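What follows is one structure encoded as structure tokens, with my remarks underneath.
Just so it is clear, none of the values below were taken in a lab; they were calculated from the coordinates. Just so we're clear, the structure is a prediction, and the values are computed from it rather than from any experiment. Counting neighbours? That spans all protein chains shown, and the Cβs are built from the backbone with ideal geometry, glycine included.
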Amino acid sequence: MKMTITGITCKATVSTVESTDNLFLLIQADAGPPARYPLTGSVDMKVGSEMTLPDGGYAVNFDYGVVVTGYDLDSLLLLNLDSPDFLFNLSVNTTSQSATQTLTFCKNQGEGTSEYVVTYEISSS
């Protein structure tokens with residue numbers, strides 16, 4: 001089977017200081033090693049931003065399931081040395097269908113809530 005991520009839109013950022021999430025994804029198929037997108041760095045996401053994906057979307061083949069996790073890599077001073085903060089998680093399997101899902105994560109009470117809309121397609125090839 002194949003999952004193709006066709007769109008990711010930011011509706012709310014978890015960052016309360018910068019109002020920008022520095023988004024990157026880890027995509028793991030069938031409990032194998034994760035793939036990172038983008039390969040290096042991150043994508044600046046503000047409210048209303050759409051993540052730039054490859055033409056046709058980001059595709060991953062799987063036999064059992066796929067887990068997509070979004071992380072925020074931001075720090076006021078040490079962007080390259082910061083450990084990432086969790087933003088959202090999406091899991092699909094062989095019974096999943098194409099969908100648009102709104103994924104909301106509340107970091108801690110009073111520390112901001114991320115909200116992302118992820119659109120993906122599931123196909124048999």
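Computed quantities for the displayed model
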quantity	calculated
Potential extension, residue 11-residue 95 segment - 0.36 nm per residue separation minus Cα distance	27.5 nm
Selection from 24, 94, 117, by position along the positive dipole direction of segment 2-123 (Cβ)	94
Computed P(r) (all Cα pairs; segment 2-123; 10 Å bins; percent)	13, 46, 31, 9, 0
Given charges at beta-carbon only (K, R positive; D, E negative), |dipole| of the chain in Debye	220 debye
